[in-house]
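> The structure under discussion is supplied below as structure tokens; questions concerning it will follow.
The values are calculated or read from the model by the stated rules, or taken from the named source; none is laboratory data. Predicted model only: the values in this text are computed from it and were never measured. Neighbour counts are summed over all protein chains in view; Cβ atoms, including those assigned to glycine, are modelled from backbone coordinates with ideal geometry. Accessible surface is based on the protein model in full, side chains and every heavy atom, while ligands, DNA and RNA are left aside. Shrake-Rupley method; radii C 1.70, N 1.55, O 1.52, S 1.80 Å.
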Amino acid sequence: MSAPSGITMATLTKDIRLEWRSKDAINSMLFFALLVVVVFSFSFDPVAEESRHIAGGLVWIAFLFAAVVALNQTWAREIRNQVLDAYRISPAPANALFLAKAVGNFIFVALLEALMTPLFIMFYKLRALGPAWQLLPVAVLGTWAIVVNGTFFAAMSLRTRSREIMLPLLLFPITIPALLSMVEATTTILVGDPSTSAKFWMVLLATYDVVFTTGCLALFETVLHAE
Amino acid sequence: MKKAFPILGLLTAALLSFALYEALVVAPREQTMGDVQRIFYYHVPSAWTAFLLFAINFLASVQYLVRPRPQADKIANWIVIALGALTSIGAYVVRPLPQNMYPSSVVTTGVAIVGLYFLIKKYFSEQETDILALTTAEVGVVFCTVVLVTGPLWARPVWGIWWTWDVRLTSTLVLWLIYVSYLMLRRFSTSGQTPVLAAALAVFGALDVPLVYFSIWFFRTQHPQPVIGGGGSIDPRMLHVLLINWLAFLCFAFLVCWSRYRLEQLQREVEETQALEALLEPRSTVR
């Protein structure tokens, strides 16, 4: 195992172990997403036909808001005991750390999605009329889009007053094209209109992922060392 | 500075009043829309000015990030040149071009961006590129706000609605949101290295712009909406007035940017001096 991937693995296992023992992020995320599901169900009548058109937006808004909860804790956890300063002075490459954090967040948010999806299906009587397997790549690409930028902006908002509010303020405007793609792709698949296809949105989402993963990796070191 | 500023101020005032006269009196009355159409002479120049300022903000931010790293600086130079060349070639090769884009305008934009990048590189120091980025973002948000306010004012009588989620309206709104978050980051940051964070955000915002445009473009072509009648030719007299107004707005934007730039420069000088004095103070008391 080469050095950078070793650091990535070590940080990732540490984060997962911490989460496994405390369950801070996943519990608050789950409860938050559950609240969104319940509260939204009062704002419109969740009959099958109507919810099919709204569910795409609803699901992703719930996941985006819930992900912010986990993302806020990513770096805040490292401030205690000056762990982040130790990272800064260590010769370890910054990108290895970033990847570990991003992959860790991806796992947490993916877990949340796996747990929440059955609930959504149950509460909103969802049944995909299009090719349902396509929801999987949409979910993977969409989650990565949220998580990669979120991890980056969480590191950025660390140096601001009221950082918990700053993260969504930075993240949401930039995420708009990704969010639009996820919502549209999901709705297209759920509605299953044969004249439209989710392919364009998946390509756009993949482009977004590639562009911003590159951007994050290119700029993370600068941001980490900006103190 | 002391002499040039009032002279330019007077010139801008004269130009703005002349442009106002041209827009309200000289320009012909639009046949279907009537006098409401005259808001166009403020709306469009503001939009062009805002986009120009945002472009300068992006270029200055890139410069600020790469300047301390000679290798990254070199790579950035080549990327900028390659992008300029690609847009120039692409403008004549790619068909169809998105709505409201013409090969000549695309080439002009590409060449102007490359030119601006190297001008900023040549005439601004590292510290100054950051001040430039801050200034252009602030003034750009003001002009963008003017665009977003005058748009609905015009749309209400002409389209019958205040707002439609059309591609240009929506992407302008998203652009405005991104730059407001940029200014918020600058305001709320407690780091001593706010410029670095802000520059990184500006680069992210610029990467986002094409994605925003294409996503909304596709989104809206799927669901047709009552939108602006694209194409069509403009009366040459109207174009003339429009360009005079743009010139006036550019002068005005330049003037505002200049004074804001000087203000920020002086403020930083004062802060530096104060910090230096605070460092020197204890020693003088020891003596």
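> Highest GNM mean-square fluctuation, chain A, Cα pairs closer than 10 Å: which of A:ALA139, A:ALA25, A:ALA92?
Comparing A:ALA139, A:ALA25, A:ALA92 in the GNM, the peak value goes to A:ALA92.
> May I ask for the accessible area buried between chains A and B, both sides summed, probe 1.4 Å, to the nearest 100 Å²? Please report the intermediate quantities before stating the final value.
Working: alone 11430 and 17200 Å², together 25770 Å².
That pair of chains buries around 2900 Å² in total.
> Tell me which of A:GLY150, A:VAL191, A:PHE212 sits at the most positive position along the dipole axis of the range A:88-227, charges placed on C-beta atoms (Lys, Arg +1; Asp, Glu -1).
A:GLY150
> Determine, for each peptide in B:209-220, B:181-192, the mean count of other beta carbons within 10 angstrom over its residues, then list the peptides with the highest first. Walk me through the numbers before you get to the answer.
Values: B:209-220: 19.4, B:181-192: 17.3.
Most protected by this proxy first, the peptides run B:209-220, B:181-192.
> Then there's this: Name the residue, out of A:VAL183, A:VAL39, A:VAL191, whose mean-square fluctuation peaks in a Gaussian network model built on chain A with Cα pairs under 10 Å.
Highest fluctuation of the listed residues: A:VAL39.
> So, one more: Per residue, how much accessible surface does the range B:4-256 expose to a 1.4 Å probe? Answer in Å², no decimals. Don't jump to the answer; show the numbers that get you there.
Numbers: 12640 Å² over 253 residues.
Ligands and nucleic acids excluded, the result is 50 Å² per residue.
> Here is a further query. Under 16 Å Cα to Cα from A:LYS199, which aspartates and glutamates show up? Leave out anything in the same chain fewer than 8 places away.
Leaving aside aspartates and glutamates fewer than 8 places away in the same chain, those within reach of A:LYS199 are A:GLU184, A:ASP209.
> Once you place label points 7 Å from the Cα toward the Cβ at B:TRP163 and A:SER197, how far apart are they in nm?
Computed distance between label sites B:TRP163 and A:SER197 equals 3.5 nm.
> Give, ordered by residue number, each residue of the range B:197-218 whose 1.4 Å probe accessible area is reduced by a minimum of 30 Å² on adding the remaining protein chains to the chain alone.
B:LEU197, B:ALA200, B:LEU201, B:PHE204, B:LEU207, B:ASP208, B:LEU211, B:SER215, B:PHE218
> When all protein chains stay in place, what accessible area (Å², nearest 10, 1.4 Å probe) is found for A:MET9?
90 Å²
> Now a separate question. Can you return the lysines within cross-link range of A:LYS14? Criterion is Cα-Cα under 16 Å, with same-chain partners fewer than 8 residues away left out.
A:LYS23, A:LYS101
> Quick check: the angle from helix A:199-225's long axis to the longest principal axis of chain A, C-alpha only, nearest 10 degrees?
Here the helix axis deviates by roughly 20 degrees.
> So what's the angle, to the nearest 10 degrees on a 0 to 90 scale, between helix A:48-79 and the longest Cα principal axis of chain A?
10 degrees
> If you take the square roots of the eigenvalues of the alpha-carbon gyration tensor of the range B:1-122 and sort them as a ≥ b ≥ c, do you get rounded (a/c under 1.5), prolate (a/b over b/c) or oblate? Numbers along the way, then the final one.
Numbers: a/c = 3.42, a/b = 1.41, b/c = 2.43.
Oblate is the answer for the range B:1-122, as a/c is 1.5 or above yet b/c matches or exceeds a/b.
> Pull out a ≥ b ≥ c, the square roots of the eigenvalues of the alpha-carbon gyration tensor of the protein assembly as shown, then state rounded if a/c is under 1.5, prolate if not and a/b is larger than b/c, and oblate in the remaining case.
Details: a/c = 1.95, a/b = 1.14, b/c = 1.72.
Oblate shape, in that a/c is at least 1.5 and b/c is the bigger or equal ratio.
> At q = 0.17, 0.18 Å⁻¹, what is the base-10 log of I(q)/I(0) for the range A:2-152 according to the Debye formula with one equal point scatterer per Cα and no solvent? Please give it to two decimals.
So the normalised log intensities work out to -0.96, -1.04.
> Straight distance only, please: which lysines reach the Cα of B:LYS121 with their own Cα at less than 19 Å, same-chain residues fewer than 8 apart left out?
Correct list for B:LYS121: B:LYS74.
> Something else: Within the accessible area of the protein assembly as shown, what % is carbon and sulfur when the probe is 1.4 Å and the other protein chains stay in place?
On the way: 18190 of 25770 Å².
The value for the protein assembly as shown is 71 percent carbon and sulfur by accessible area.
> Mind checking the per residue accessible area of the range A:1-46 for me, 1.4 Å probe, whole number of Å²?
Values: 2940 Å² over 46 residues.
Per-residue accessible area for the range A:1-46 comes out at 64 Å².
> Across peptide A:175-185, how many C-beta atoms of other chains are within 10 Å of each residue C-beta, on average? Don't skip to the answer; put the middle values down first.
Details: counts 1, 11, 12, 4, 1, 8, 4, 0, 1, 4, 0.
Mean inter-chain Cβ contacts per residue within 10 Å come to 4.
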